[in-house]
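To start, the structure itself, in structure tokens.
The values are calculated or read from the model by the stated rules, or taken from the named source; none is laboratory data. Nothing here was measured: the structure is a model prediction, and the numbers come from that model. Please note: Cβ atoms are built from the backbone with ideal geometry, for glycine as well, and neighbour counts cover all protein chains shown.
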Amino acid sequence: MPNDDELLGRARAALPWNQEGREEIYWRHRYAGALDAAELRVLELERHLARKSSDLARLKARRWWKIGEALAGARSSISGLFRLPVKLIRTALGANQLPATVDTTSLEHQIEALRRSEGADHLAIVALANRRYEEAEQLTDSALDKNPLDYGALHTKAKLLVATGELTSAHRYVGLLIDIHPTSDLRQWADDLRGLVISTDPMWLPDIPGPPEPLASPNQGRVLHLLKESLPFYERGYTMRSHHNLLAARLAGFHPVVTTALGFPRSQGHEEFEQLDTIDGIRHHRLDLGAEYDSAAVPLDNYLLDWAWQAAAVVRSERPAAIHAGSGHHGFDTALVGLALSKHFQIPFIYEVRSSLEQTWTGDPEIAEQGEYYERRLAQEYRCMAEADLVLAISQTLADDIVARGIDPTKVHLFPNGVDPSKFEPRTKRSDLIARYGLDDSPVVGYVSNLGTREGVDVLIRAIADLRAGGIETKGLIVGDGPRRDDLARLIGQLGVGDLVTLVGQVSQAEVIDHYALIDIFVIPRTTDRAARLITPLKPYEAMAMGVPIVVSDLPALAEIVAGGRGEVFKPESPEALAAALADLIADQARRAQLAERALAWVTAERTWESNGSRLTAAYATIGLTS
């Protein structure tokens, strides 16, 4: 039987811990296969005994520390005071069932190694939690150089690799953890990582069982739309855009039908719903595998397979002339399902790119546009656009970027956000809302949308504080909800502007119109990231239609909205620059009126949902799709 040194030598040879570059996908090549189950078990037993001996020596060396622990424990309860003398005596005399003698000489180096290992592992975890990735990597690599099978270091290394987007290497480390100590949590983690790796492989596509099924005589003008979510179960910008564009398509003579993502709306907590319902005359198919199917817990590749199989049944029943997919939760997920359906049934595929989600794999903006996972998502998006028959872009900036990446410009068409001018139109402020939020006669700067990290609402709050410091009192009205709401509430308190800034929270679509009317200057303070540079949000169009002047971060997609004197820009992520822009507009009412007038004229002429019907007709015609 091999000894410990031989086993560790074989492990080091099988596991190239310090090798640079990407490894082959773990599930295709199990690096730990050099050690069979029996050898691993022997090694683990030997390591277990060694640690027990080391722990023994450490306990005897730390006996006086344990006296301190006993004192600390006594302070925590009255009963501890009565037990203290006994604990002190037993601890000081060594009455802890420890052997009378310990070979500390032979174990001294093990004790020191254990202390170093514990310290390094703890520091690595702290460094990782504080996003000090290089420091965490150095600490974990140092520990693994000494012992390639150090479980704690392996676990921290796997988390570090996930945090920095190195999925294939992370999957390999989790696989080794499973070989050492298999648990259901580790297996789930490995499956999830495998699913992300496979689903971002540009050679992979969900496989619909059976041979291709070319649709003979599909229904002319019928288009199956793949959406991640829809009304009435979820009301936000994505679902409102979907619904308005479906109505615009129908008005243009097409016959849209919808299938939402597998598991929706159950994923939103809805237990009772019809699997086929009609919303404003448009059929919506709900793909559902029952309450026991937890779509969030299924690895992404398996989930997309299940989704494609379920959606194939809808294609067979509806017999559409084309598949039209809007960006999903990962961006490419709906497109992969759409491509699978398109190839299986041999009908055209349209990819409506609504966002740029490649960087949303992490909450750390410093590394959001780097790492393996970012590159894989970017490559998969490109593949989906390249294989689509038609690409619709939500902004001209995005369309230009898509073409610059090598997509055929003849198949890329603008399909922007819009507004319904019959609902969003200038109106007077409601006195009850003025009183509710304490707005009095102060100018109101506001924001309506999601409170996410990249929305930059903290910049707006800091700008309001800067305005106060400069002697300009203005009120802030922030409407919406999201993951940063608590952080923003704390920031308001820290800056002492609680009397100026109101976090309204989420309001209904009917209520939001009256909240727009309260705002004198509408602000889009997005931070600099890929999505903000390329994607135009919906809310500025609504504010424009309400006759509210807007100020936006100077980013390409946002500058596209306010070009031609339709709004003002400021340096992104700069509260000082935003405060200066707001101060100028607060002091110049005529300028505000001019901006609002130009914006209103443009948005009602160029950015209505109804006008998207003609855009869709022209785009569809390029692939032979007619109403």
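Name the single residue that is farthest from residue 563 (Cα to Cα) among those in segment 499-548 being of a type in the set (Asp, Glu) and more than 24 Å from the chain's Cα centre (by Cα).
Across segment 499-548, the extreme among qualifying residues is 499.
Taking the residues in segment 226-271 that are assigned to a loop (DSSP other than H, G, I, E, B) and of a type in the set (Lys, Arg) as candidates, determine which candidate is farthest from residue 340 (Cα to Cα).
The extreme case among them is 236.
Could you tell me whether residue 278 is of a type in the set (Val, Ile, Thr), part of a helix (DSSP H, G or I) and outside the structural domain of residue 187 (by TED's automatic domain parsing)?
Spelling it out, it is not the case that residue 278 is of a type in the set (Val, Ile, Thr), part of a helix (DSSP H, G or I) and outside the structural domain of residue 187 (by TED's automatic domain parsing).
Kindly indicate the residue of segment 220-231 that is among the aliphatic types (A, V, I, L, M) and crowded, with 21+ Cβ neighbours inside 10 Å and also farthest from the chain's Cα centre (by Cα) among those meeting that condition.
Checking each candidate, the answer is 223.
Yes or no: segment 137-150 includes at least one residue that is within 27 Å of the chain's Cα centre (by Cα), assigned to a helix (DSSP H, G or I), of a type outside the set (Ser, Thr, Tyr) and not assigned by TED's automatic domain parsing to the domain that holds residue 360.
Scanning segment 137-150, I find at least one residue that is within 27 Å of the chain's Cα centre (by Cα), assigned to a helix (DSSP H, G or I), of a type outside the set (Ser, Thr, Tyr) and not assigned by TED's automatic domain parsing to the domain that holds residue 360, so the answer is yes.
Please state which of the following conditions residue 234 fails to meet, knowing it meets all the rest: (1) touching a Pro at 6+ places or on another chain (Cβ under 8 Å); (2) closer than 25 Å to residue 300 by Cα; (3) buried (at least 20 other Cβ atoms within 10 Å of the Cβ).
(3)
Residue 467 - would you say it is surrounded by fewer than 24 Cβ atoms within 10 Å (Cβ to Cβ) and either touching a His at 6+ places or on another chain (Cβ under 8 Å) or of a type outside the set (Ser, Thr, Tyr) (or both)?
No, not satisfied.
Are there strands (runs of 3 or more DSSP E) fully within segment 513-627 with at least 2 residues that are out of contact with any Phe, Trp or Tyr (no Cβ under 7 Å at 6 or more places or on another chain)? List them.
Of the strands (runs of 3 or more DSSP E) lying wholly inside segment 513-627, those with at least 2 residues that are out of contact with any Phe, Trp or Tyr (no Cβ under 7 Å at 6 or more places or on another chain) span 521-524, 568-570.
Does residue 622 satisfy the criteria of being surrounded by fewer than 20 Cβ atoms within 10 Å (Cβ to Cβ), more than 16 Å from residue 544 (Cα to Cα) and in contact with a Leu (Cβ under 7 Å, 6 or more places away or on another chain)?
Considered against the rule, which asks whether it is surrounded by fewer than 20 Cβ atoms within 10 Å (Cβ to Cβ), more than 16 Å from residue 544 (Cα to Cα) and in contact with a Leu (Cβ under 7 Å, 6 or more places away or on another chain), residue 622 comes out as yes.
Any chance you could count how many residues in segment 480-511 are of a type outside the set (S, T, N, Q) and within 17 Å of residue 445 (Cβ to Cβ)?
Residues that pass the stated criteria total 12.
Is segment 353-360 home to any residue that is crowded, with 23+ Cβ neighbours inside 10 Å and out of contact with any Lys or Arg (no Cβ under 9 Å at 6 or more places or on another chain)?
yes
So for segment 382-393 (the condition being over 16 Å from residue 228 (Cα atoms), at pLDDT 95 or above and acidic (Asp, Glu)), does at least one residue qualify?
Among the residues of segment 382-393, at least one is over 16 Å from residue 228 (Cα atoms), at pLDDT 95 or above and acidic (Asp, Glu), which makes the answer yes.
Tell me whether segment 164-184 contains one or more residues that are of a type in the set (Lys, Arg), at negative phi, surrounded by 19 or more Cβ atoms within 10 Å (Cβ to Cβ) and within 27 Å of the chain's Cα centre (by Cα).
Checked against the condition, which is being of a type in the set (Lys, Arg), at negative phi, surrounded by 19 or more Cβ atoms within 10 Å (Cβ to Cβ) and within 27 Å of the chain's Cα centre (by Cα), segment 164-184 yields at least one hit.
Can you find, within segment 332-349, the residue that is farthest from the chain's Cα centre (by Cα) among those that are under 21 Å from residue 616 (Cβ atoms), crowded, with 24+ Cβ neighbours inside 10 Å and not hydrophobic (A, V, I, L, M, F, W, C)?
Of everything passing the filter in segment 332-349, 338 is farthest from the chain's Cα centre (by Cα).
Which residue out of 461, 478, 472 is part of a loop (DSSP other than H, G, I, E, B), assigned by TED's automatic domain parsing to the domain that holds residue 599 and either aromatic (Phe, Trp, Tyr) or in contact (Cβ under 8 Å) with a residue 12 or more places away in the chain (or both)?
472
Please go through segment 263-276 and give me each residue that is touching a Ser or Thr at 6+ places or on another chain (Cβ under 6 Å) and either hydrophobic (A, V, I, L, M, F, W, C) or at pLDDT 95 or above (or both), ordered by number.
The one that is touching a Ser or Thr at 6+ places or on another chain (Cβ under 6 Å) and either hydrophobic (A, V, I, L, M, F, W, C) or at pLDDT 95 or above (or both): 263.
Of the residues in segment 128-163, how many are of a type in the set (A, V, I, L, M, F, W, C) and either at pLDDT 95 or above or closer than 19 Å to residue 373 by Cα (or both)?
6
Checking the condition assigned by TED's automatic domain parsing to the domain that holds residue 510 and without any contact (Cβ under 8 Å) to a residue 60 or more places away in the chain, which residue from 435, 399 passes?
After ruling out the rest, the residue left standing is 435.
I'd like to verify a number: residues in segment 410-449 that are surrounded by 13 or more Cβ atoms within 10 Å (Cβ to Cβ) and not hydrophobic (A, V, I, L, M, F, W, C), how many?
16
Kindly list, by first and then second residue, each pair from a residue in segment 532-547 that is within 14 Å of residue 427 (Cβ to Cβ) to a residue that is aromatic (Phe, Trp, Tyr) and assigned to a loop (DSSP other than H, G, I, E, B), limited to pairs with Cβ atoms under 6 Å and residues at least 6 apart or on different chains.
542/424; 545/424; 546/424
Look at residue 179 and say whether it is touching a Pro at 6+ places or on another chain (Cβ under 7 Å), in contact (Cβ under 8 Å) with a residue 12 or more places away in the chain, outside the structural domain of residue 302 (by TED's automatic domain parsing) and not in a loop (DSSP other than H, G, I, E, B).
Judged against the criteria, residue 179 is not a match.
Listed here are the residues, each with its yes/no results for (1) outside the structural domain of residue 439 (by TED's automatic domain parsing); (2) modelled with pLDDT of 95 or more; (3) out of contact with any Gly (no Cβ under 8 Å at 6 or more places or on another chain); (4) aromatic (Phe, Trp, Tyr).
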position: 509; (1), (2), (3), (4): no, no, yes, no
position: 551; (1), (2), (3), (4): no, yes, no, no
position: 554; (1), (2), (3), (4): no, yes, yes, no
position: 558; (1), (2), (3), (4): no, yes, yes, no
position: 566; (1), (2), (3), (4): no, yes, yes, no
position: 582; (1), (2), (3), (4): no, yes, yes, no
position: 587; (1), (2), (3), (4): no, yes, yes, no
position: 593; (1), (2), (3), (4): no, yes, yes, no
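Pick from segment 363-390 the residues that are aliphatic (A, V, I, L, M), in contact with a helix residue (DSSP H, G or I) (Cβ under 8 Å, 6 or more places away or on another chain) and assigned to a helix (DSSP H, G or I): which of them is surrounded by the fewest Cβ atoms within 10 Å (Cβ to Cβ)?
The residue in question is 378.
Inside segment 402-419, can you point out the residues that are more than 24 Å from the chain's Cα centre (by Cα), in a helix (DSSP H, G or I) and touching a residue at least 24 places away in the same chain (Cβ under 8 Å)?
410, 411
In this structure, does residue 339 turn out to be in the same structural domain as residue 240 (by TED's automatic domain parsing), outside any loop (DSSP other than H, G, I, E, B), of a type in the set (A, V, I, L, M) and farther than 24 Å from residue 530 by Cα?
Against the criterion (in the same structural domain as residue 240 (by TED's automatic domain parsing), outside any loop (DSSP other than H, G, I, E, B), of a type in the set (A, V, I, L, M) and farther than 24 Å from residue 530 by Cα), residue 339 qualifies.
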